[in-house]
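Encoded as structure tokens, the structure appears first; notes follow it.
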Amino acid sequence: MSVTLIVILVVVALLIGLITVNYYRMKNMKPVENSKKIIVLGNKNFKLALKKEILLVDFWAPWCGPCKMVAPILNEIAETENDIVIGKVNVDQNQDLAKKYKVRNIPTLVIFKNGNEVGRIVGVKSKKAILNEVRRAVAG
């Protein structure tokens, strides 16, 4: 075998190992308790929450690894940003809301300003990226 082929095989093996380790780490993450400032939303209280000036809604599921990764970031935002209200919708329990807002992937963060959707973030993002996107969506 040539040296190039051996190097390629080693790199592929390392990538497969890295993917496997990250998969099991995400799968086995423990759920994070919500901050007391986060509102658990459902069909009954969603319309009331839309009356907030700036509402960031996290559409999530308890089995979703990336959702577990976003949870501590949202807790931190809820504790530090007084002008942003954060709500969470469990898509397993509130499929009608997920369908109404066309949530096809989770986690999906929908940004509302005065009851109207002004932006959307799909996937795991850093605190800084989420806050920048919220500020941009609310300003524009």
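Read-outs: derived from the displayed coordinates by stated rules, not from any lab. Here the structure is a predicted model, which means the values were calculated and not measured. Ideal geometry is used to build each Cβ from the backbone, glycine not excepted, and the neighbour counts take in all protein chains shown.
Below are the figures for this structure:
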{"item": "Over segment 39-139: Kirkwood hydrodynamic radius from C-alpha pairwise inverse distances, Å", "result": "13.3 Å"}
{"item": "Farthest positive-ward along the chain dipole, Cα basis, beta-carbon charges - from GLY115, PHE59, VAL134", "result": "GLY115"}
{"item": "0 to 90° range, to nearest 10: angle between helix 65-80 axis and the chain longest Cα axis", "result": "40 degrees"}
{"item": "Nearest 10 degrees, 0 to 90: helix 3-27 Cα axis against the chain principal axis", "result": "30 degrees"}
{"item": "Neighbour-count order for ASP92, ASP58, fewest beta carbons within 10 angstrom listed first", "result": "ASP92, ASP58"}
{"item": "Of LYS36/LYS125; LYS30/LYS88; LYS99/LYS125; LYS30/LYS113; LYS52/LYS128; LYS102/LYS128, those spanning more than 20 Å from alpha-carbon to alpha-carbon", "result": "LYS36/LYS125; LYS99/LYS125; LYS30/LYS113; LYS52/LYS128; LYS102/LYS128"}
